[in-house]
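Each remark here refers to the structure printed beneath this line.
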Protein chains: 4
Amino acid sequence: MPAPQAPFDPNQTPKLTIAELDELVGELAPFVALYGFKVDEIGFGWARVRLPYDYNFVRPGGTISGPAMMALADYGMYVGLMGAIGPVALAVTTNLNINFLHKPAEKDLLCDARLIKLGKRLAVGDMSIHPEGDDRMCAHVTATYSIPPQ
Amino acid sequence: MPAPQAPFDPNQTPKLTIAELDELVGELAPFVALYGFKVDEIGFGWARVRLPYDYNFVRPGGTISGPAMMALADYGMYVGLMGAIGPVALAVTTNLNINFLHKPAEKDLLCDARLIKLGKRLAVGDMSIHPEGDDRMCAHVTATYSIPPQ
Amino acid sequence: MPAPQAPFDPNQTPKLTIAELDELVGELAPFVALYGFKVDEIGFGWARVRLPYDYNFVRPGGTISGPAMMALADYGMYVGLMGAIGPVALAVTTNLNINFLHKPAEKDLLCDARLIKLGKRLAVGDMSIHPEGDDRMCAHVTATYSIPPQ
Amino acid sequence: MPAPQAPFDPNQTPKLTIAELDELVGELAPFVALYGFKVDEIGFGWARVRLPYDYNFVRPGGTISGPAMMALADYGMYVGLMGAIGPVALAVTTNLNINFLHKPAEKDLLCDARLIKLGKRLAVGDMSIHPEGDDRMCAHVTATYSIPPQ
């Protein structure tokens with residue numbers, strides 16, 4: 001089945017680097033430090049972000065940390081959006097929908113985010129989460145961000 | 001970005017043919033006749049279904065027919081699920097989430113459905129809708145079906 | 001209908017009457033005629049709309065008509081929004097999420113819609129669907145509409 | 001708290017107390033300690049849970065903590081479900097949908113959760129989040145839990 005094209009060229013140069021993103025996020029998003037999220041890749045409208053397995057609080061006892069996955073997906077979308085529009089601090093999530101599919105293996109979790117709409121006022125992203133080294137999706141997420149007027 | 005693998009082999013032979021599916025649906029799902037939906041392809045856990053452009057009631061005046069797209073995605077998921085589990089008449093939708101992305105061109109709409117979870121009790125599907133001949137997604141849908149005990 | 005904790009006074013006079021709404025919808029939304037939807041009540045940010053039981057195509061054989069419920073909820077939200085902002089023809093659904101809870105009794109279905117956010121650019125509604133004369137919700141829906149700039 | 005149209009009597013005695021719930025959660029759900037969530041009330045199919053304003057990491061700089069609200073709603077649903085079915089450790093979230101409505105005031109956040117479906121295999125909840133002392137909803141959530149076979 002073909003993967004439908006993004007509504008823009010995802011091979012464009014992203015509007016900020018991982019270092020610039022990390023600086024922006026350090027000021028704004030305390031949950032990123034809380035969960036220890038890392039940015040592996042940033043592109044124009046897409047990103048790969050990571051939840052390290054051994055980080056504090058995430059998964060003691062092997063229980064499923066749904067809230068950590070929701071936060072990870074929200075962050076992945078944010079990073080991909082910043083890659084497309086640059087450091088717009090006030091972009092905010094308006095909707096997020098998550099389906100939990102399988103209990104993940106005990107590894108780092110990776111979230112692949114891509115925008116499926118990039119409008120002037122709204123952006124929509126599609127995110128899949130899977131453990132490192134295991135292609136099986138453990139959660140799927142869609143989210144909408146509102147982009148403030150310039 | 002890699003498209004995450006399905007949790008099963010989608011190249012398996014589907015559990016029913018388009019003809020068998022049409023017969024099943026004719027008895028159960030009047031909205032299929034209402035909208036004139038067609039099945040283009042059925043696979044094990046995936047399907048492509050079609051909303052003909054010129055069908056009655058769909059889009060007079062060029063207005064956007066959101067409800068027709070919701071019905072189309074629900075149907076695509078149903079067809080893909082039947083392809084994986086066979087004609088289980090009592091499988092029912094429990095949740096559906098749709099994001100409308102762009103006003104579609106005035107053409108037939110195609111819905112590509114694929115299962116991203118196929119459990120004993122629940123199946124989850126990911127659907128994209130786009131006009132024929134235009135790769136730009138106009139709507140994205142996820143849905144969950146409950147599968148009755150055998 | 002009480003509208004608990006709405007972000008506005010739901011007892012204000014609605015911005016249009018049922019007759020004005022019917023005229024607006026007749027031009028724009030063919031699925032309303034398709035399903036035979038009726039408006040029972042319209043308020044400022046809320047509405048009650050009805051799916052008549054015996055209408056064509058809805059439920060022959062007693063099967064569950066999920067798509068009819070999705071369309072009904074989308075319509076209820078639209079009517080409640082029009083009651084709050086007046087006849088803005090271009091308001092469009094951007095997201096809809098439905099949970100199907102119980103198979104409904106074989107009666108007219110009523111959808112109670114109320115806005116839970118009424119912003120300049122986005123409105124969010126909360127809808128419950130239940131059979132007439134039966135308080136048990138058979139489906140619950142949230143939806144977002146985008147409101148075009150004036 | 002009133003639970004309109006619940007599919008059961010919400011005035012029944014809950015199946016566990018706040019103390020029993022706290023003990024259960026301490027073993028299973030590290031994010032509860034992470035965010036400092038408290039249970040204000042537990043009932044049969046409903047609950048009120050609290051995110052203290054001044055807790056570590058939640059909201060430095062006054063930014064909106066969407067992930068904390070998602071986690072709070074997921075927890076509220078879990079508590080209400082435990083009130084209805086007792087301490088079933090393996091109940092897991094399968095779907096969560098959140099709409100962010102308004103930036104909350106700088107106060108404790110309260111989440112009112114109520115079940116709108118309580119089946120043998122699935123439960124669905126409806127959650128609203130608002131700041132203490134302010135009736136305006138800042139987020140609305142629906143979620144589904146899968147209940148394991150006994």
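Values for this structure:
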| item | result |
| --- | --- |
| Extension gain (nm, one decimal) between B:Asp134 and B:Ile18, 0.36 nm per residue minus Cα-Cα | 39.3 nm |
| Cα-based Kirkwood hydrodynamic radius, the protein assembly as shown, one decimal, Å | 24.1 |
| Solvent-accessible area lost in complex, 50 Å² minimum, residues of segment C:92-137 relative to chain alone, 1.4 Å | C:Thr94, C:Asn95, C:Leu96, C:Asn97, C:Asn99, C:Phe100, C:Leu101, C:Ile116, C:Lys117, C:Arg121, C:Leu122, C:Met137 |
| Closest Cβ on chain D to the rotation axis that carries it onto C (distance rounded to whole Å) | D:Asn97, 2 |
| Rounded percent of accessible protein surface that carbon and sulfur make up, segment D:18-146, 1.4 Å probe | 51 |
| Per-residue ³J(HN,Hα) for segment A:105-122, Karplus 6.51 cos²θ - 1.76 cosθ + 1.60, θ = phi - 60°, Hz, x for Gly and Pro | 5, 7, 9, 3, 9, 10, 10, 9, 10, 8, 6, 10, 8, 9, x, 6, 10, 9 |
| Residues of type lysines that A:Lys107 reaches as a straight line, Cα spacing below 26 Å, ignoring anything fewer than 8 places off in the same chain | A:Lys38, B:Lys117, B:Lys120 |
| Heavy atoms of C:Glu23: accessible area, 1.4 Å probe, square angstrom to 10 | 120 |
| In the D-C interface, the accessible area buried, summed over both sides, Å² (probe 1.4 Å) | 1700 |
| Among B:Thr94, B:Leu34, B:Cys111 the positive-end extreme of the charge dipole of chain B (Cβ point charges) | B:Thr94 |
| At 7 Å out from Cα toward Cβ: A:Ile18 inter-copy label distances (nm, ascending) | 4.6, 4.7, 6.2 |
| Across the identical copies, how the B:Arg121 labels are spaced - nm, sorted shortest first, 7 Å along Cα→Cβ | 0.7, 4.1, 4.2 |
| Structure-based [θ]222 nm, the protein assembly as shown - -39500 (n - 2.57) summed over DSSP H runs of at least 4, per residue, nearest 500 | -7500 deg cm²/dmol |
| Label-point separation in nm, B:Lys120 to D:Phe8, each point 7 Å along Cα→Cβ | 2.3 |
| Nearest-first distances (nm) between copies at B:Gly36, label 7 Å from Cα via Cβ | 2.3, 5.8, 6.1 |
| Mean accessible surface per residue for chain C, computed with a 1.4 Å probe while every protein chain stays in place, in Å² | 37 |
| Fraction in percent of alpha-carbon pairs per bin - 5 Å, segment A:72-150 | 3, 17, 27, 21, 14, 10, 6, 2, 0 |
| C-alpha long axis of helix C:18-28 to longest principal axis of chain C, angle in ° | 80 |
| Per-residue SASA entry for B:Thr13, accessible area with 1.4 Å probe, Å² rounded to 10 | 110 |
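The values are calculated or read from the model by the stated rules, or taken from the named source; none is laboratory data. Computed from a prediction, not measured in an experiment: that's the story for all the values here. We place every Cβ from the backbone using ideal geometry, glycine too, and count neighbours over all the protein chains shown. Please note that ligands, DNA and RNA were not included when accessible areas were found on the heavy atoms of the full protein model with its side chains. Shrake-Rupley method; radii C 1.70, N 1.55, O 1.52, S 1.80 Å.
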